[in-house]
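What follows is a set of notes on a single structure, which appears directly below.
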Amino acid sequence: MRLDKYLKVSRLIKRRTVANEAADAGRVMLNGKAAKPSADVKVGDIIEIGFGTKSVKVEVLAIADTSRKEEAKELFKYI
């Protein structure tokens with residue numbers, strides 16, 4: 001699955017366009033490397049997102065094309 005779509009489906013970032021812009025700006029790291037929005041996300045990958053001065057680090061547990069708000073929390077775990 002594309003990185004920008006995963007960030008939206010997992011609700012780490014609310015909109016896909018915002019996820020796209022964050023990745024283009026170099027604020028999203030996939031397994032320790034700056035990632036493009038089209039990067040392929042797999043189970044077990046580590047995603048780090050920079051929000052201003054804060055940083056969020058998560059591990060991908062599952063991938064789903066769509067998810068409800070309650071199910072979105074099961075797609076990743078915070079590190």
Revision key, fill the gap. Computed about the Cα centre, the charge dipole of the chain from +1 Lys/Arg and -1 Asp/Glu charges at the Cβ has a magnitude in debye, to the nearest 20, of 220 debye
Check your understanding: What residues from region 42-70 fall in the zone where the backbone N is under 17 Å from a label point 7 Å along the Cα-to-C-beta line of E21?
Key -> 50-53
Practice item. Among M29, A62, F51, pick out the residue whose Cα is farthest towards the positive end of the charge dipole of the chain, where Lys and Arg carry +1 and Asp and Glu carry -1 on C-beta, about the Cα centre. Key: F51
Review point. With no solvent and one point per C-alpha, what does the Debye sum give as log10 I(q)/I(0) for the chain at q = 0.17, 0.26 Å⁻¹?
Key: -0.55, -1.40
**Study point:** Label-to-label distance, nm, for residues given as V43 and N31 (7 Å Cα→Cβ offset)
**Key:** 1.6 nm
Check your understanding: Considering only protein heavy atoms and a 1.4 Å probe, what is the carbon-and-sulfur percentage of the accessible area of the chain?
Key -> 51 percent
Exercise for review: Give the relative contact order (percent, whole number) for the chain; include only Cα pairs under 8 Å separated by 6+ residues.
Suggested key: 27 percent
Check your understanding: Rounded to the nearest 500, what is the chain's calculated 222 nm mean residue ellipticity when only DSSP H runs of at least 4 contribute -39500 (n - 2.57) each, over all residues?
Key -> -6000 deg cm²/dmol
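The values are calculated or read from the model by the stated rules, or taken from the named source; none is laboratory data. What you see is a predicted model; the values in this text were computed from it and never measured. Note: ideal-geometry Cβ built from the backbone for every residue, glycine included; neighbour counts use all protein chains shown. Heavy atoms of the whole protein, side chains included, go into the accessibility calculation; ligands, DNA and RNA do not. Shrake-Rupley method; radii C 1.70, N 1.55, O 1.52, S 1.80 Å.
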